[in-house]
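Data first, discussion second: the structure below is written as structure tokens.
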Amino acid sequence: MKHIKKNDTVMVIAGKDKGKSGRVLKVLPERSRAIVQGVNFHKKHRRRTRDDQQGGVAQIEGSIHMSNVMLICTKCNKPVRPKMKQLADGSKVKSCRKCGENL
């Protein structure tokens, strides 16, 4: 799925975090998953190391399937299915189906 890239703003449309939105931190295209900031937290036990003297349990973002997120249009601030629009110079850009704004 090529419609979601790093630093895009997305909204979760299914699952336990439905309705939350955040910025995409990392995309895992081979598994069709993405890591979204502030969504799908997991607890990870950290061992004490020389750098981290405290150790303990940390909360980190887990990956979420790309079919469960939608892009958010910056102009109309709603989740949209983007469409590819070809510009006059031949390059392609994502655009909002509702307002026509380039994403």
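The values are calculated or read from the model by the stated rules, or taken from the named source; none is laboratory data. For clarity, every value in this text was computed on a predicted model and none was experimentally measured. FYI the Cβ positions are ideal-geometry reconstructions off the backbone, even for glycines, and counts take in every protein chain you see.
Odds and ends about this structure:
- Test: residue in the range 82-97 that is out of contact with any strand residue (DSSP E or B) (no Cβ under 6 Å at 6 or more places or on another chain) and touching a residue at least 60 places away in the same chain (Cβ under 8 Å): yes
- Listing of strands (runs of 3 or more DSSP E) fully contained in the chain that carry 2 or more residues being surrounded by 15 or more Cβ atoms within 10 Å (Cβ to Cβ) and of a type in the set (Gly, Ala, Ser): 21-28
- The single condition among (1) within 17 Å of the chain's Cα centre (by Cα); (2) not assigned by TED's automatic domain parsing to the domain that holds Val12 that Asn40 does not meet is (2).
- Among the residues making up the range 46-103, those that are among the β-branched types (Val, Ile, Thr) and more than 13 Å from Asp8 (Cα to Cα) are Thr49, Val57, Ile60, Ile64, Val93.
- Per the listing Thr9, Thr74, the residue uniquely under 19 Å from the mean Cα position of the chain (by Cα), among the hydroxyl-bearing types (Ser, Thr, Tyr) and at pLDDT below 90 is Thr74.
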